[in-house]
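Enquirer: The structure that follows is given in the form of structure tokens.
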Amino acid sequence: AVITLHSPWCISSQVRSHSLPHFSTAGWSDAEVFPAIGTLERTQKGVQSQSAGFGMKPSIHCEEFPCLECSPLIMSSVSEWYMGKNVLITGATGFMGKVLVEKLLRSCPGVKALYLLVRPKAGQSMQERVHDMLKCKLFDRVREDNPDFHQKIIPISSELMQSGLALSPADVEKLSSCINIVFHCAATVRFDEPLKHALQLNVIATQQILALAQQMQHLYAFIHISTAYANCNRRHIDEVIYPPPVEPKKLIDSLEWMDDAIVRDITPRLIGDRPNTYTYTKALAECVVQQESGRLNIGIIRPSIVGASWQEPFPGWIDNFNGPSGVFIAAGKGILRTMRASNDAVADLIPVDMVINLTLAAGWYTAVHRPKSALVYNCTTGGINPFHWGEIEHHVMSTFKRNPLEQAFRRPNANITSNYLINQYWILVSHKFPALIYDLFLRLSGQKPQMMRIFTRLHKAIALLEYFSSQDWEWNSDNMNMLMNQLSAEDRRTFNFDVHQLNWPEYIENYCIGTKKYVLNEDMSDIPAARQHLRKLRNIRYTFNTLLLVFIWRVFIARSQMARNIWYFVVSLCFKFLSYFRASSTLTN
């Protein structure tokens, strides 16, 4: 359906002359016309305010760059809206960024070009990094549909830690003249990042991306990826931008002259009741987005703990050890035996493909409807389809026993406890003591000891997660529900972020298998050999326990009459119980 507009500035001119009925609506009712215009109101004031908020400059050449003010307004699907659009993505080589790039190329094949801000790293140029990324299995489905998809990828050399993002004047001019939508995914996700570094990557870089976006002449929307834990010092979190813990500009100016040692010393007092610099700086970044949005149309996505893919491009895709992935692998390898968490606490995992589907849908909605203020989307599962850490423990252990990892250290058998003393006991007995024995064996065999170092790193990582696995939050998700209702039936299938549909046991199983296939690069055909290895470990354990029992007998029980009496009493009780059980079974039969 098309609304025909008759002049370059037809919306504002017709409203000023009160001639809205002059639109050619092809039989539309008012209820159909006005939602199509987005948030356009029927009053002169409403339309003028929305037109001014669009951020388009009068100097735009309308024939070359069509816009809502000067071209037919077409009611399109999400994928159709992205047709012919130039997209700028930061953090494209990260976990979420890769999935965003793949989804755009596969589900929005009409997209014109994807501009990726990439920095050289580890001796690789930006072109080499993007080339390696596109060879990833993640892009197999796109490769099948369009072998030349890489031609739509345009890497731009950039460095978030430098002034002006280290963009060349030519790149700034190019991006300013062609970009239609920005997805700002870049951030440091390390919980223990030094405050100065986290501030530079999560706050100052966001300021600079926003400054660049302000120069873009044809920008429809700016989508910022935040985190649901930006305001984790609150128990109930609405879809609003909360006042920041400190004015970002004042903090930036203050830390600029401080020595790193001083900043490190004052960091605990600065972050206050937040657990780390990551959540602290993400809260500041949201404030910056609100303050510096200017005439931009803003959307903010707040995912909780982002995990492996649910369905797209295939179940269980994951490429890193971050968050729960590293914990799952450590448990599957038999390294992790205990973890302090609440069995009844909600594990607010969200599949990465659901986050990206919501992100793309929010980009479409923000561009088409142009909300008067930034819309925040809490992308979480806990309040809609909850799953608990105790349940995750059960399904992770069950999956890795059926589909074991290769060369496991021990049989998978991890337990969750909320008691500090019990957790410390099992750390000593199941972590440190075996690590010392194994390292002693390595030293005697002329190898370098490593197990104690591995456990030290594991304990540090788990300690960082403890805050999030020991308590619950309540997130409001009205905007996410609203957006779902705005989509057509086809778009709901293509850009599905309905967390009601998540089957948690199936998802956790695919997640665990994904860590085996895509993170550890293990072949599923080697599972029989891995199972044989687990049986070998079981036999070793039984032998060790038998020898330990004999040792205890010889050293303690055989030398003490009282110990022998206690031992005989316990054994006799066991025999009596077995005799009673057999007699009961016989009578029953």
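Enquirer: State which entries of K121/K460; K121/K174; K448/K536; K137/K333; K121/K432 exceed 29 angstrom in Cα-Cα distance in the structure shown.
Expert: Long pairs (Cα-Cα over 29 Å): K121/K432.
Enquirer: Pull up the cross-link candidates among the lysines for K249, meaning alpha carbon to alpha carbon under 24 Å and not fewer than 8 places away within one chain.
Expert: In chain and number order, the partners are K196, K282.
Enquirer: With an 8 Å cut-off on Cα pairs and a minimum separation of 6 or more residues, tell me the relative contact order of segment 337-467 in percent. All intermediate terms of the calculation are to be shown ahead of the outcome.
Expert: Details: 105 pairs, mean separation 48.4, N = 131.
Rounded, it is 37 percent for segment 337-467.
Enquirer: What fraction of the Cα pairs in segment 368-502, stated in percent, has a spacing above 27 angstrom?
Expert: Values: 4297 of 9045 pairs.
So the pairs more than 27 Å apart make up 48 percent of the total in segment 368-502.
Enquirer: List, in order, the whole-Hz ³J(HN,Hα) value for each residue of segment 89-95 obtained from phi through the Karplus relation with A = 6.51, B = -1.76, C = 1.60 and θ = phi - 60°; use x for Gly and Pro.
Expert: With coefficients 6.51, -1.76 and 1.60, one gets 10, 9, x, 5, 8, x, 4 Hz.
Enquirer: Now, a different point. Could you tell me the calculated FRET efficiency between K121 and Y467, based on Cβ-Cβ distance and R0 = 41 angstrom, to the nearest 0.05?
Expert: 0.85
Enquirer: Can you sort I437, I209 by solvent-accessible area, 1.4 Å probe, largest first? Spell out each step's value before the answer.
Expert: Working: I437 85, I209 5 Å².
Sorted by accessible area, descending: I437, I209.
Enquirer: Got a sec to turn the phi values of segment 498-514 into Karplus ³J(HN,Hα) couplings, 6.51 cos²θ - 1.76 cosθ + 1.60 with θ = phi - 60°, whole Hz, x for Gly and Pro?
Expert: 7, 6, 4, 7, 5, 9, 4, x, 5, 5, 5, 4, 5, 4, 4, 5, x
Enquirer: At a 1.4 Å probe, what is the % contribution of carbon and sulfur to the accessible area of segment 301-351? Spell out each step's value before the answer.
Expert: Working: 620 of 1230 Å².
Reported share for carbon and sulfur atoms: 51 percent.
Enquirer: What figure, in Å² to the nearest 10, do you get for the accessible area of F400 with a 1.4 Å probe and non-protein molecules left out?
Expert: 0
Enquirer: To continue, here is another question. Sorted from largest to smallest, which semi-axis lengths in Å does the alpha carbon gyration tensor of segment 73-153 give for its equivalent ellipsoid, taking the root of 5 times each eigenvalue? Provide the component values of the computation, followed by the final result.
Expert: Numbers: eigenvalues 113, 39, 21 Å².
Here the semi-axes work out to 24, 14, 10 Å.
Enquirer: Would you mind computing Rg(Cα) / (2.2 N^0.38 Å) for segment 466-568, counting N as its residues? Each step should come with its number before you reach the end.
Expert: Numbers: Rg = 27.0 Å, N = 103, 2.2 N^0.38 = 12.8 Å.
Dividing the Cα Rg of segment 466-568 by 2.2 N^0.38 Å gives 2.11.
Enquirer: Let me ask another. Please state the Cα pair-distance histogram of segment 223-286 with 10 angstrom bins from zero: what percent is in each bin?
Expert: 20, 52, 24, 4
Enquirer: Ok, one more. Hey, can you grab everything whose amide H is under 5 Å from the amide H of T338? Only 5+ residues off in sequence or another chain; H modelled, so Pro and N-termini drop out.
Expert: Counting only residues 5 or more places away or on other chains, the set is N415.
Enquirer: Okay, next question. Could you quote the convex hull projected area for segment 315-384, Cα atoms only and averaged over all directions, in nm²? Each step should come with its number before you reach the end.
Expert: Numbers: hull surface 28.3 nm².
Here the figure is 7.1 nm², rounded to one decimal.
Enquirer: A further question on this structure: Give the long-range amide H neighbours of W475: residues separated by 5 or more places, or on another chain, with amide H under 5 Å away, using H modelled in the peptide plane at 1.01 Å from N.
Expert: I237, G383
Enquirer: Provide the FRET efficiency to the nearest 0.05 for the N146-E256 pair, computing r from the beta carbons and using R0 = 41 Å. Don't skip to the end; give the middle numbers.
Expert: Numbers: r = 47 Å, r/R0 = 1.14.
According to the calculation, E is roughly 0.30.
Enquirer: Would you grab the residues whose amide H sits under 5 Å from the one on E522? Only those 5+ places off in sequence or on another chain, please, with H modelled 1.01 Å from N.
Expert: K517
Enquirer: Return an integer: the convex hull volume of the alpha-carbon atoms of segment 211-368, in Å³ per residue. Working shown, then result.
Expert: Values: hull volume 28.0 nm³, N = 158.
Considering the Cα atoms of segment 211-368, their hull volume per residue is 177 Å³.
Enquirer: Report ³J(HN,Hα) in whole Hz for each residue of segment 146-151, in order, from the Karplus equation J = 6.51 cos²θ - 1.76 cosθ + 1.60 where θ = phi - 60°; Gly and Pro get x.
Expert: These are the phi-based 3J(HN,Hα) values: 8, x, 9, 4, 4, 5 Hz.
Enquirer: Could you compute how much accessible surface R295 exposes when probed at 1.4 Å, giving the result in Å² to the nearest 10?
Expert: R295 exposes around 110 Å² with every protein chain in place.
Enquirer: Hey, another quick one. Once you list every other residue whose beta carbon is under 14 Å from the beta carbon of K333, what net charge do they have if Lys and Arg are +1 and Asp and Glu are -1?
Expert: On the way: positive: R337, K401, R410, R411, R457, K516; negative: E406, E522.
Result for the local shell: +4.
Enquirer: In the neighborhood of A374, defined by Cβ-to-Cβ distances under 14 Å, what is the net charge if each Lys or Arg adds +1 and each Asp or Glu adds -1?
Expert: Net of charged neighbours comes to 0.
Enquirer: Note down the accessible area of R106, probe 1.4 Å, to the nearest 10 Å².
Expert: The value for R106 is about 40 Å².
The values are calculated or read from the model by the stated rules, or taken from the named source; none is laboratory data. The model shown is predicted, which means the values in this text are computed figures rather than measured ones. Reconstructed Cβ throughout: ideal geometry from the backbone, glycine too, with neighbour counts over all protein chains shown. Only protein heavy atoms, including side chains, enter the accessible area calculation; ligands, DNA and RNA are left aside. Shrake-Rupley method; radii C 1.70, N 1.55, O 1.52, S 1.80 Å.
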